[in-house]
Structures are given as C-alpha cells and as structure tokens.
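A short write-up of the structure that comes next.
The values are calculated or read from the model by the stated rules, or taken from the named source; none is laboratory data. Note that the structure is predicted; figures quoted are calculated from it, not measured. Here Cβ is always computed from backbone atoms with ideal geometry, including for glycine, and neighbour counts include all displayed protein chains. What goes into the accessible areas is simple: the full protein's heavy atoms, side chains included, and nothing from ligands, DNA or RNA. Shrake-Rupley method; radii C 1.70, N 1.55, O 1.52, S 1.80 Å.
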Amino acid sequence: MNLRFSLNGEQTALDVSPWRRLLDVLREDLALTGTKEGCGEGECGACTVLVDGEAVCSCLVAAGQVEGREVRTVEGLGDGAVARAVREELVSFGGTQCGICTPGIAVCAVRALEREPDASRDRLRELLAGNICRCTGYQLIVDALECAAARGRGEGAE
Amino acid sequence: MTAYLRPNTLEEALAVREAHPEYTILAGGTDLLVSGHRVPPPPGIVDLFDLRPLRGIARDGDGSLRLGAATTYLDVLSSDTGREELSILRAAAREIGALQIQARGTLGGNLVTSSPVGDTLPVWLALGAEVELSSAGRGARRVAYDAFCTGYRQTDMAPDELVTAVTIPPPAPGTRRFWRKVGTRRAQSISKLMIAATARLENGLIAEPRIGLGALADRPIRGVAVERAMAGRPPDEDTAARAARALAAEITPIDDVRSSADYRLTVATNLVARFVRLLAEPA
Ligand SMILES: Cc1cc2nc3c(=O)[nH]c(=O)nc-3n(C[C@H](O)[C@H](O)[C@H](O)COP(=O)(O)OP(=O)(O)OC[C@H]3O[C@@H](n4cnc5c(N)ncnc54)[C@H](O)[C@@H]3O)c2cc1C
Ligand code: FES
Ligand code: FES
C-alpha cells in the first residue's frame, strides 16, 4: 500500500506491505535505526515509539495501522525541556550502558514526564515496567528520571 | 498483496467481514503480531483499532454497562463510567503486560484469543457479563461468557461475526468484588492463576456468589461448587474452609512451566477463603 503518515513531524509516504512491522519499516526502509529490536514479542520495550502520543511496541504494530497517524521515534523527541532533561540525566547518572534499551526508555520517559510531570518514583517505575534493561539494574535509570522530573518542575538539577 | 482496510463505522466493518471472512481481523495486535511476521501475510487486514463506535464504556438505558470491543486497557483505566462496578476489571487491566501493551491491547482481542490465561475473562464470569456478537446478515446477539468460550482457545463466534461489546447487568446494591492475579512479578507476567469474585450479604448471609477462575482449567471457569458451598452461609471461618474444600474438589490444575499443580491449588484455595473473609469486613 501507499502508506502516508507523519513521522517526527514530517509527512512521509512510502510503498510498503501493510502487514510489515512498523519496527522494520522504520529501521530498514526509513533508516531510523534509533529504535531497537530486543525481543520482537512486546516484552522488552526496546522498540517503543509514540503513535498519536501513546507509547507502543513498534514490533507489534502493523505498518498499515499508522496510516494517517503521528509517529514519534527517539530521533524525533526534539529539544524541548523534558526531552533534554531525560537525555542529559540518563547520561550523567549512568542510566545507560550497552544502550539497547535506552531509546525505548527515553521515549517512555518523555511521554511519562510530559503527561505526568509530578510522577513519583513508584509511578515512574510503573510507567516504565515494560522496558527491560539487562545492564544497569534500573536504579540509575530511575534516579536519572527522578532528577529529570525535578528539573521539569523547575526544582533544578543537583 | 495484502489489502488494508480501516472501517470507520460498524456497518462498514460488518460488511467487510461478510464479504471477506478470510481477511485477518486486527485490533491492538498484541496477540496476533507476536508471531505475525513469521507467518505468510494474510490476503487482507481489517483494522479495528480505534474504531470509534466500538471504543469506550457507556451506561445503557436499562442501567447495564456496555464496553466496546475495541476499548483498550488504558481506556478502561482512564474511564470514569461505572468505576465501582468495574473496580475488578481495572485491577486486572492495571496488571496486564505493561503500559505499551495496555495502550494497544483490547477487550475484544482478549475475548477472541480466548486463552486460559486471559486476565479479563474470569472478571466477565464474576460480573455476569454477556458478549455481544454482530454480523451484517443477522444483526446482534448476546451470549453469556460461559457460552461464548466453548473450549481451549475456542469461541462461539461465527466466520461472519465480530465481537462488538461486553455488557454487564446492573449489580445488586451492596455487591462486594475481589480480584487477585498471581504471577511472577507485577508487570509483563503471564498468570499462574487468577480469581475474580463478587457476592453480597443478605441478612448476614452470603448471597449470589459468582466466582471466576483463570488458568485452572482448559478455559476460564465458574467455581460452581465453591459458590454452592458459600451461598446462604455467614462469612465466617467455617464457610471459608468449606469454600476452600469445595474448590479443591472442583478443579484439577495442571503442572506447567509457569507453576505446579500443587502451588496453584494451595494458592487458589487460600484466595477463595480470603474472599469469604473479605465479605465479613465492613464495606
Ligand atoms: C508482552 C505482552 C504481555 C501481555 N500480557 C498479558 C496479560 O498480562 N494478560 C492478558 O490477559 N493478556 C496479555 N497479553 C495478551 C494480549 O495483550 C491481550 O490478549 C490483548 O487483550 C489482545 O488484544 P489485541 O487488541 O491486541 O488483540 P489482537 O492481537 O489485535 O487480536 C487478537 C485476536 O482477536 C481477534 N479480534 C480482535 N478484536 C476482535 C473483534 N472485535 N471481533 C472479532 N475478532 C477480534 C483477532 O482476529 C485475533 O484473532 C500480553 C501480550 C504481550 C505481547
Ligand atoms: S522488540 Fe518490541 S518489545 Fe521487545
Ligand atoms: S543499558 Fe544495556 S539493556 Fe539497558
């Protein structure tokens, strides 16, 4: 089909089978390799992107399903205050090691903090429960996001 | 070439279903697409995700609740309609997968996949829910959940039908509700077992108990013997023990990778007893 959708704010059109995974279309056809494949089964969250603002596993979305919709990937999180705080704090806390999980974490964290700037540590853990990390042990990720949340609320970095 | 169709109305969806029973019905894709890319592409896709007439929760004129088949778990969690009645559905929804799955997974998908570990299914049994099925030729019909699920991953849905809604009759005043899912962790875990239960007290005695059990048989089942053991008795320790014994006689759980039969039986009987004790607590 001729698929048309908004990708990171730009209208995009390409010819694809509607049955292909959004993940593959992003990585293979559109060369947006920030989005990672971990499990390919919806379990790990490495492939998380936003469709119409909602966090979804791009390995479980058929390409046809984004026709006319807005897709935001890790490349399109932009330079707003929340996205910047998430990126900077993940780096400064050591919330990323091998990096496979990091794009999915960043996408989920930006969605979480844009919608729930007052999210508690527990709530952040709940919102990111679908993002598996095999390296960091999670504490540093949650520390980073708690700090990013505080920055977002104007409480300043440490 | 796979055709892609996204109907905007129920009529359109039913017409496509009748004309192309061989097309794949796709909603959130969280069951279908787990292995979807490993099978040959289907001749066509009918995308029901975000089909507005099938999405959301509303109160019907007769006081019953109507939940559209394309309602997502996130929709359930954010809806204010029927908050009290749906407390156990919300509790189940909160524990399904994680955010990304809750954002896409739908009630209709859970019903049609009809897995013995489908988390919403015991809830429908406990709430006395009916499944609404619709076709272009025959219109809508409603079947009780027990009649909808006809066996291991089997349903009563015909090839020209779609699941369009779940309806829940208005509850009797004073109904108490209970939900427990036992898994390895809170998020992203497949249930070892689940129990959904409702009942109320009438003059201090248990009335209209409904127990839905998941992952304890080849399909979600009512705990009929447990219900009989509780009905008409006070919510005391004696009844709790009777209910637990009745359950042990009623089910023969299986050993599998997720848990042992022993564990399942012990936990399930403990949870049934806990539900009886809950009924004794002030509302
Ligand atoms: C990582 C992960 C975790 C999960 N965790 C849980 C969990 O904890 N508990 C649980 O119960 N499930 C879980 N699931 C399974 C799944 O998310 C649910 O069963 C979900 O409700 C499926 O809905 P869907 O809309 O995504 O279904 P889809 O995959 O779109 O469809 C599933 C089936 O239903 C059919 N279908 C869908 N809607 C209709 C309709 N209206 N009429 C007719 N046929 C229809 C499709 O043709 C298909 O056969 C999990 C899945 C994943 C990938
Ligand atoms: S790759 Fe999609 S959830 Fe793991
Ligand atoms: S940094 Fe390696 S998986 Fe998270």
* Which far-off residues, 5 or more places away or on another chain, put their amide H under 5 Å from the one on B:Ala3, with H placed in the peptide plane? -> B:Gly44, B:Ile45
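To the nearest 20 debye, what is the magnitude of the charge dipole of segment B:177-283 about its Cα centre, counting +1 on the Cβ of each Lys and Arg and -1 on the Cβ of each Asp and Glu? Intermediate results must be reported in sequence, preceding the final value.
Details: 18 positive and 12 negative charges, 84 e Å.
It comes to approximately 400 debye.
Over segment A:81-152, what is the relative contact order in percent, taking alpha-carbon pairs closer than 8 angstrom and at least six residues apart? Don't jump to the answer; show the numbers that get you there.
On the way: 79 pairs, mean separation 37.5, N = 72.
Worked out over segment A:81-152, it gives 52 percent.
When Rg is the radius of gyration of the Cα atoms in segment B:37-193 and Rh is its Kirkwood radius, what does Rg/Rh come to? Before the final figure, lay out each step's value.
Working: Rg = 15.5 Å, Rh = 16.3 Å.
Reported Rg/Rh, Kirkwood definition of Rh: 0.95.
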* **segment B:126-261 shape via C-alpha gyration tensor axes, a/c threshold 1.5** => oblate
* **Heavy atoms of B:Arg180 accessible to a 1.4 Å probe, total area in Å² rounded to 10** => 90 Å²
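Would you tell me the mean number of C-beta atoms belonging to other protein chains that fall within 10 Å of each C-beta in B:29-40, as a whole number? Can you show the working numbers first?
Working: counts 10, 6, 2, 2, 12, 8, 2, 6, 9, 1, 1, 1.
Mean shielding by partner chains, rounded to a whole number: 5.
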* When only DSSP loop residues count, what trypsin sites (Lys or Arg not before Pro) in segment B:39-130 have their Cβ near at most 16 other Cβ atoms within 10 Å? -> B:Arg83
* Structure fact -> Yeah, segment B:1-92 with a ≥ b ≥ c from its alpha-carbon gyration tensor (a/c under 1.5 is rounded, else prolate when a/b outruns b/c, oblate otherwise) is oblate
* To do: State, as an integer percentage, the relative contact order of chain A based on alpha-carbon contacts under 8 Å between residues 6 or more apart.
  => 24 percent
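Ranking request for peptides B:161-168, B:120-127, B:200-207: highest mean number of other beta-carbon atoms within 10 Å first, then the rest in descending order.
Numbers: B:161-168: 24.0, B:120-127: 27.4, B:200-207: 14.6.
The peptides rank, most packed first, as B:120-127, B:161-168, B:200-207.
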* Alpha-carbon centroids, segment A:58-100 and segment B:44-86: separation in whole Å -> 29 Å
* Asked: So, with +1 on the Cβ of K and R and -1 on the Cβ of D and E, and no other charges, what is the size of the charge dipole of the protein assembly as shown about its Cα centre, to the nearest 20 debye?
  -> 900 debye
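Calculate the translational D of segment A:2-76 in whole µm² s⁻¹ from Stokes-Einstein, where the hydrodynamic radius comes from the Kirkwood formula applied to all Cα pairs, the temperature is 25 °C and the viscosity 0.890 mPa s. Before the final figure, lay out the partial values.
Numbers: Rh = 11.9 Å.
Answer, rounded: 206 µm²/s.
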* **Angle in degrees between helix A:139-152 and the longest Cα principal axis of chain A, rounded to the nearest 10** => 90 degrees
* Asked: In whole Å, what three semi-axes, largest first, describe the equivalent ellipsoid of the protein assembly as shown built from its Cα gyration tensor (square root of 5 times each eigenvalue)?
  -> 38, 28, 19
* Asked: Is the shape of chain B rounded, prolate or oblate, going by the alpha carbon gyration tensor and its root eigenvalues a ≥ b ≥ c, with a/c under 1.5 for rounded and a/b larger than b/c for prolate?
  -> prolate
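Considering every residue in B:103-115, what mean count of other chain Cβ atoms within 10 Å of its Cβ is obtained? Display every interim value, and only then the final one.
Working: counts 10, 9, 2, 0, 0, 0, 0, 0, 0, 0, 0, 0, 0.
Taking all residues of B:103-115 together, the mean is 2.
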* Once Lys and Arg get +1 and Asp and Glu get -1 on their Cβ, which of B:Gln100, B:Ser115, B:Leu127 lies farthest toward the positive end of the dipole of segment B:51-168? -> B:Gln100
* Using alpha-carbon pairs under 8 Å, 6+ residues apart, how would you state the relative contact order of segment B:176-280 in percent? -> 24 percent
